[in-house]
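Q: One structure follows; several queries about it will come next.
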Amino acid sequence: MTVNVRVRFAPSPTGALHVGGARTAIYNWAFARRTGGAFVLRIDDTDPERSTAENTQQILRSLEWLGIDWDEGPEAGGPFGPYFQTQRSDSYAAALERMKANGTAYPCFCTVAELDAKRTEAAAGEGVRGYDRTCRRLDPATAQARISAGEPHVWRLAVPEDRGDILVDDAIRGETVFPVSAMDDFVLVRTDGTPTYNFATVVDDAEMEITHVIRGDDHLSNTPRQILVFEALGHFVPVFAHLSMIWGADGRKLSKRHGATSVEAFHEEGILPEALLNYLALLGWSLDGETTIVSRETLRSCFSLDRISKNPAIFDFDKLEWMNGVYIREMAPELLAARMLPWLEDAGLTSAEDFAKRPEWYRALVPLVSERMKRMTDVVPALGFLFADEVRLDPEAVEKALSSDEARNGLVAAADALAGVESWDTEAIESTLRALAESLAVKPKVLFQAIRVAVTGSTVSPPLFESLALLGREATVLRIRAAR
Ligand code: GLU
């Protein structure tokens with residue numbers, strides 16, 4: 001039998017998209033693409049205090065930035081919408097009606113105070129573990145009368161008496177048995193009529209015909225409960241695949257303490273989406289155990305659940321940065337130039353109009369920086385001097401490179417020599433300056449470093465002659481004269 005794969009990513013919009021969530025989304029997406037199935041995005045916004053529309057937007061934009069497209073969900077629409085849990089109360093009400101009718105849900109009138117007292121008793125070792133099923137024993141007519149009288153109540157799942165232990169056969173972790181005795185009659189619908197996570201999620205997964213639930217293993221303990229709800233609804237149980245957590249280098253759950261953890265933060269820090277996608281895809285999955293550069297296309301065509309590891313993955317910031325550098329260097333120069341533009345623009349150095357006026361000039365900046373770039377943010381300090389009207393000379397660099405007479409005299413002569421160079425290109429500049437160093441009997445290194453500081457403000461810069469060629473004769477000569 002062939003199954004039409006349908007998977008979902010169901011973030012709670014209580015914050016930005018964390019890399020752990022992004023990895024879950026990537027695996028769901030890649031699995032859907034590999035199998036020709038559907039990838040559904042569902043917003044679990046049932047926590048009214050912490051869910052915001054801004055967070056939802058940020059999650060959508062982060063997914064989009066990573067190149068993760070969804071077939072159904074917010075903005076895309078689809079036949080199983082709405083895709084926001086807060087808009088699906090009719091579905092939850094209808095599912096509850098079905099469960100009332102088939103006897104798998106019952107009302108519970110126990111008050112919080114009563115439940116607390118029972119819990120205290122249970123903790124002292126006397127009562128039953130979890131809810132003691134007092135209200136399950138009420139006769140239906142009495143229960144109905146209390147509901148009609150307006151008595152506050154929740155709805156609980158009636159865990160079947162004859163149900164054996166619950167086997168979770170996880171596609172990644174294998175089999176885990178949960179004793180049915182540990183499952184109490186948990187709440188499906190609260191006093192205020194809102195569904196609990198375990199209820200809403202199953203109703204949605206059932207209605208949306210989800211075939212595979214791929215999510216973090218922090219939900220593993222919810223899975224036996226969810227299986228009971230699928231059974232109560234008379235629906236097939238999807239395949240579960242629980243991903244192990246992502247750890248920091250210290251073996252603790254990855255958190256802000258370790259550095260950037262949201263997709264947005266990595267974006268702001270100059271990580272490319274294709275590098276982050278590649279890095280996260282390999283954080284717990286492997287193509288063949290050795291390939292480290294895996295493109296979006298390869299993921300789409302080769303991803304499989306059976307190559308997901310059950311061991312926790314360690315997030316290695318250095319490796320991500322290394323991978324980012326690989327993607328930067330492999331990019332076509334025209335493309336890298338275009339992708340440098342937003343960083344230069346955000347730093348207030350240039351504009352899209354300028355880029356459109358002289359694309360070849362921007363294209364020529366690429367070889368100056370790409371070899372040493374690890375992050376897109378590196379272009380700002382490396383290339384800033386090409387855009388500013390004047391450079392600010394770093395006092396330490398001045399002290400090091402401009403304080404000798406040799407250097408100062410060298411600058412005077414260099415300005416004159418460069419003013420007279422016939423064709424302003426890298427070769428002519430280099431030969432002029434080398435000849436000058438020789439005729440002045442100055443070490444080339446000393447002269448070049450003095451020019452570098454005068455022109456870029458710093459002792460570290462992209463290759464000198466290329467930089468001067470791109471800066472232009474006028475600005476070069478002006479800056480050397482000013483520094484002197
Ligand atoms: N909203 C839940 C979360 O973000 C979804 C869990 C699930 O995939 O069932 O953890």
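The values are calculated or read from the model by the stated rules, or taken from the named source; none is laboratory data. What you are looking at is a predicted structure, and each value in this text was computed from that prediction instead of being measured. Cβ placement follows ideal geometry from the backbone for every residue including glycine, while neighbour counts extend to all protein chains displayed. Please note that ligands, DNA and RNA were not included when accessible areas were found on the heavy atoms of the full protein model with its side chains. Shrake-Rupley method; radii C 1.70, N 1.55, O 1.52, S 1.80 Å.
Q: How much accessible surface does residue 404 have with a 1.4 Å probe, in Å² rounded to 10?
A: Its accessible surface works out to 50 Å², give or take rounding.
Q: Determine the calculated [θ] at 222 nm for the chain from helices alone, applying -39500 (n - 2.57) to every DSSP H run no shorter than 4 residues and normalising by the residue count; nearest 500 deg cm²/dmol. Walk me through the numbers on the way to the answer.
A: On the way: 21 runs with 231 residues, N = 484.
Helix-only estimate at 222 nm: -14500 deg cm²/dmol.
Q: I've got another one for you. Select from 244, 180, 304 the residue farthest towards the positive end of the dipole of the stretch 170-314; place +1 on Cβ of Lys and Arg, -1 on Cβ of Asp and Glu, and compute about the Cα centre.
A: Value computed over the given set: 244.
Q: Which of rounded, prolate, oblate describes the stretch 110-266, given a ≥ b ≥ c as roots of the alpha-carbon gyration tensor eigenvalues and a/c under 1.5 marking rounded, otherwise prolate only if a/b is larger than b/c? Write out the running numbers ahead of the final one.
A: Numbers: a/c = 1.87, a/b = 1.64, b/c = 1.14.
It comes out prolate by the Cα gyration axes.
Q: Could you tell me how many cubic angstrom of Cα convex hull volume the stretch 398-484 has per residue? Show your work: numbers first, answer last.
A: Numbers: hull volume 6.6 nm³, N = 87.
Each residue corresponds to 75 Å³ of Cα convex hull volume.
Q: Identify, among 148, 91, 79, the residue whose Cα sits farthest towards the positive end of the charge dipole of the stretch 69-165, taking +1 on the Cβ of Lys and Arg and -1 on the Cβ of Asp and Glu, with the dipole about the Cα centre.
A: In the stretch 69-165, that residue is 148.
Q: For the chain, with the dipole built from +1 on Lys and Arg beta-carbon atoms and -1 on Asp and Glu ones, taken about the Cα centre, which of 317, 451, 122 lies farthest toward the positive end?
A: It is 122.
Q: Kindly point out, ordered by number, any Cys in the chain whose beta-carbon has no other cysteine beta-carbon under 4.7 Å away.
A: 110, 302, each lacking another Cys Cβ under 4.7 Å.
Q: A follow-up question, please. If you place +1 on the Cβ of every Lys and Arg, -1 on the Cβ of every Asp and Glu, and leave all else neutral, what size is the dipole of the stretch 300-341 about its Cα centre, to the nearest 20 Debye? Intermediate values should be presented prior to the final figure.
A: Working: 6 positive and 6 negative charges, 36 e Å.
Rounded to the nearest 20 debye, it is 180 debye.
Q: Now for a separate question. Over the Cα atoms of the stretch 1-53, what radius of gyration and what Dmax do you get, in Å?
A: 13.1, 44
Q: Rounding to the nearest 20 debye, state how big the charge dipole of the chain is about its Cα centre with +1 on each Lys and Arg Cβ and -1 on each Asp and Glu Cβ.
A: Details: 52 positive and 71 negative charges, 91 e Å.
Value, rounded to 20: 440 debye.
Q: A further question on this structure: Using a 10 Å cut-off on Cβ atoms, rank the peptides 113-120, 237-244, 459-466 from the highest mean neighbour count down.
A: Working: 113-120: 12.8, 237-244: 20.5, 459-466: 16.8.
Going from most to least packed, we get 237-244, 459-466, 113-120.
Q: With no solvent and one point on each alpha carbon, what is the Debye value of log10 I(q)/I(0) for the stretch 59-121 at q = 0.19, 0.23 Å⁻¹?
A: Values returned for q = 0.19, 0.23 Å⁻¹ are -0.83, -0.98.
Q: Hey, another quick one. Classify the stretch 374-424 as rounded, prolate or oblate from the Cα gyration tensor: take a ≥ b ≥ c as the square roots of its eigenvalues, call it rounded if a/c is under 1.5, otherwise prolate when a/b beats b/c and oblate if not.
A: On the way: a/c = 2.80, a/b = 1.37, b/c = 2.05.
Oblate.
Q: Also, I was wondering about something else. Given 0.36 nm per residue, what is the gain on full extension from residue 149 to residue 221 after removing their alpha carbon distance, in nm?
A: On the way: separation 72, 0.36 × 72 = 25.92 nm, distance 3.66 nm.
Length gained between residue 149 and residue 221: 22.3 nm.
Q: If the label point is 7 Å along Cα→Cβ of residue 346, which residues in the stretch 54-69 have backbone nitrogen under 19 Å from it?
A: Answer for the stretch 54-69: 55, 57-68.
Q: Please go through the stretch 282-373 and write out the GluC sites (Glu not before Pro) that DSSP classes as loop and that have at most 10 other C-beta atoms within 10 Å. Could you put the intermediate results ahead of the total?
A: On the way: sites: 290, 297, 321, 330, 334, 345, 353, 360, 371; in loops: 290.
Those that pass, being in a loop and sparsely packed, are 290.
Q: Separate question: Rounded, prolate or oblate: pick one for the stretch 1-94, where a ≥ b ≥ c are the square roots of the eigenvalues of its C-alpha gyration tensor, a/c under 1.5 means rounded, and failing that, prolate if a/b is larger than b/c, else oblate.
A: Numbers: a/c = 2.08, a/b = 1.18, b/c = 1.76.
Because a/c hits 1.5 or more and a/b fails to exceed b/c, the stretch 1-94 counts as oblate.
Q: Kindly write out, for the stretch 360-366 in residue order, the coupling ³J(HN,Hα) from the Karplus curve 6.51 cos²θ - 1.76 cosθ + 1.60 (θ = phi - 60°), rounded to whole Hz, with x marking Gly and Pro.
A: Values per residue, Gly and Pro as x: 5, 5, 5, 4, 6, 6, 4 Hz.
Q: May I pose another question? If you roll a 1.4 Å probe over the heavy atoms of the protein chains, what accessible area per residue do you get for the stretch 70-145, in Å²? Before the final figure, lay out the partial values.
A: Numbers: 4480 Å² over 76 residues.
Spelled out: the 1.4 Å probe surface of the stretch 70-145, per residue, equals 59 Å².
Q: What distance in nm separates the simple spin-label points at residue 334 and residue 50, each placed 7 Å from Cα in the Cβ direction?
A: 4.7
Q: A further question follows. Can you divide the C-alpha Rg of the chain by 2.2 N^0.38 Å and report the result to two decimal places? Don't jump to the answer; show the numbers that get you there.
A: Working: Rg = 31.9 Å, N = 484, 2.2 N^0.38 = 23.0 Å.
Relative to the rule-of-thumb radius for its length, the chain sits at 1.39.
Q: With each label point set 7 Å from Cα along the Cα-Cβ vector, what nm distance links residue 446 and residue 89?
A: Spacing of the two 7 Å Cα→Cβ label points: 8.3 nm.
Q: State the volume of the convex hull built on the alpha-carbon positions of the stretch 256-364, expressed per residue in Å³ and rounded to an integer. Don't skip to the end; give the middle numbers.
A: On the way: hull volume 13.8 nm³, N = 109.
Cα convex hull per residue, to the nearest whole number: 127 Å³.
Q: Let me ask you something else. Show the residues, 5+ positions off or on another chain, whose built amide H is closer than 5 Å to the amide H of residue 484.
A: Under 5 Å from the amide H of residue 484: no residue qualifies.
Q: Output wanted: per-residue J couplings in Hz (rounded whole) for the stretch 170-183, from phi through Karplus 6.51 cos²θ - 1.76 cosθ + 1.60, θ = phi - 60°, x for Gly and Pro.
A: Once rounded to whole Hz, the list reads 7, 5, 10, 9, x, 8, 10, 9, 10, x, 5, 5, 8, 9.
Q: Please list, in chain and number order, the residues 5+ apart from residue 111 or on another chain whose amide H is under 5 Å from its amide H, with Hs placed from the backbone.
A: When sequence neighbours closer than 5 places are left aside, there are no close amide H contacts.
Q: Please list 3J(HN,Hα) in residue order for the stretch 455-469, calculated via the Karplus relation 6.51 cos²θ - 1.76 cosθ + 1.60 where θ = phi - 60°; whole Hz, with x for glycine and proline.
A: Once rounded to whole Hz, the list reads 8, 9, x, 9, 7, 10, 7, x, x, 5, 5, 4, 4, 5, 4.
Q: At what distance in angstrom do the alpha carbon centres of the stretch 252-314 and the stretch 385-415 lie from each other?
A: 45
Q: Over the stretch 124-220, what relative contact order in percent results from Cα pairs under 8 Å that are six or more residues apart?
A: Values: 72 pairs, mean separation 24.7, N = 97.
Value for the stretch 124-220: 25 percent.
Q: In the stretch 357-484, carbon and sulfur make up what percent of the accessible area (probe 1.4 Å)? If you can, show how the numbers build up before the last one.
A: Working: 3400 of 6650 Å².
Within the stretch 357-484, the accessible surface is 51 percent carbon and sulfur.
Q: What is the ratio of the Cα radius of gyration of the stretch 315-473 to 2.2 N^0.38 Å, where N is its residue count, to two decimals?
A: Working: Rg = 17.1 Å, N = 159, 2.2 N^0.38 = 15.1 Å.
Relative to the 2.2 N^0.38 Å estimate, the stretch 315-473 comes out at 1.13.
Q: Ok, one more. Measuring from label point to label point, each 7 Å out along Cα→Cβ, what is the residue 137 to residue 97 span in nm?
A: Inter-label distance under the simple model: 3.3 nm.
Q: If you stretched the chain out fully between residue 321 and residue 165, how much longer would it get, using 0.36 nm times the residue separation minus the C-alpha to C-alpha distance? Show your work: numbers first, answer last.
A: Values: separation 156, 0.36 × 156 = 56.16 nm, distance 4.66 nm.
That pair, residue 321 and residue 165, stretches by 51.5 nm at full extension.
Q: Taking the Cα centre of the stretch 228-326 as origin and charging only Cβ (+1 Lys, Arg; -1 Asp, Glu), how large is the dipole, in debye to the nearest 20? Kindly include the intermediate steps, with their values, before the conclusion.
A: On the way: 9 positive and 13 negative charges, 65 e Å.
The calculation lands at about 320 debye.
Q: Where both partners of a DSSP beta bridge lie in the chain, what percent of those bridges are antiparallel, to the nearest 5? Could you put the intermediate results ahead of the total?
A: Numbers: 16 of 31 bridges.
Given both bridge residues lie in the chain, the antiparallel proportion sits at roughly 50 percent.
Q: Kirkwood Rh and Cα-based Rg: tell me the resulting Rg over Rh for the stretch 244-287, rounded to two decimals.
A: Details: Rg = 11.2 Å, Rh = 11.4 Å.
That ratio equals 0.98.
Q: Counting every Cα pair in the stretch 95-142, what percent are over 19 Å apart?
A: Result: 37 percent of Cα pairs exceed 19 Å.
Q: For the stretch 36-77, what is the Kirkwood hydrodynamic radius in Å, using each pair of distinct C-alpha atoms?
A: Numbers: mean 1/r = 0.0893 Å⁻¹.
For the stretch 36-77, the Kirkwood estimate is 11.2 Å.
Q: Using per-residue counts of other Cβ atoms within 10 Å, averaged over each peptide, order 415-427, 8-20, 141-153 from highest down.
A: Details: 415-427: 13.9, 8-20: 21.2, 141-153: 12.0.
Going from most to least packed, we get 8-20, 415-427, 141-153.
Q: Over the Cα atoms of the stretch 251-320, Rg to Rh with Kirkwood Rh, two decimal places? Let's see the in-between values first.
A: Numbers: Rg = 12.7 Å, Rh = 13.2 Å.
Taking Rh as the inverse mean 1/r over Cα pairs, Rg/Rh reads 0.97.
Q: How high is the relative contact order of the chain, in percent, with contacts defined as C-alpha pairs under 8 Å that are six or more residues apart?
A: Values: 685 pairs, mean separation 61.8, N = 484.
So the answer I get is 13 percent.
Q: Related question: Please compute P(r) over all alpha-carbon pairs of the stretch 93-196, binned at 10 Å starting from zero, and give each bin as a whole-number percent.
A: Once binned at 10 Å, the Cα pair distances of the stretch 93-196 give 13, 39, 33, 13, 2.
Q: Next up: Suppose we keep just the DSSP beta bridges with both residues in the stretch 189-317; what percent of those would be antiparallel, to 5?
A: 30
Q: Compute the FRET efficiency between residue 120 and residue 253 as 1/(1 + (r/R0)^6), taking r as their Cβ-Cβ distance and R0 = 22 Å, and round to the nearest 0.05.
A: Working: r = 31 Å, r/R0 = 1.43.
In this case the efficiency is close to 0.10.
Q: Can I ask one more? Under the rule of at least 5 residues apart or a separate chain, name every residue whose amide H is placed under 5 Å from the amide H of residue 213.
A: 239, 240, 241
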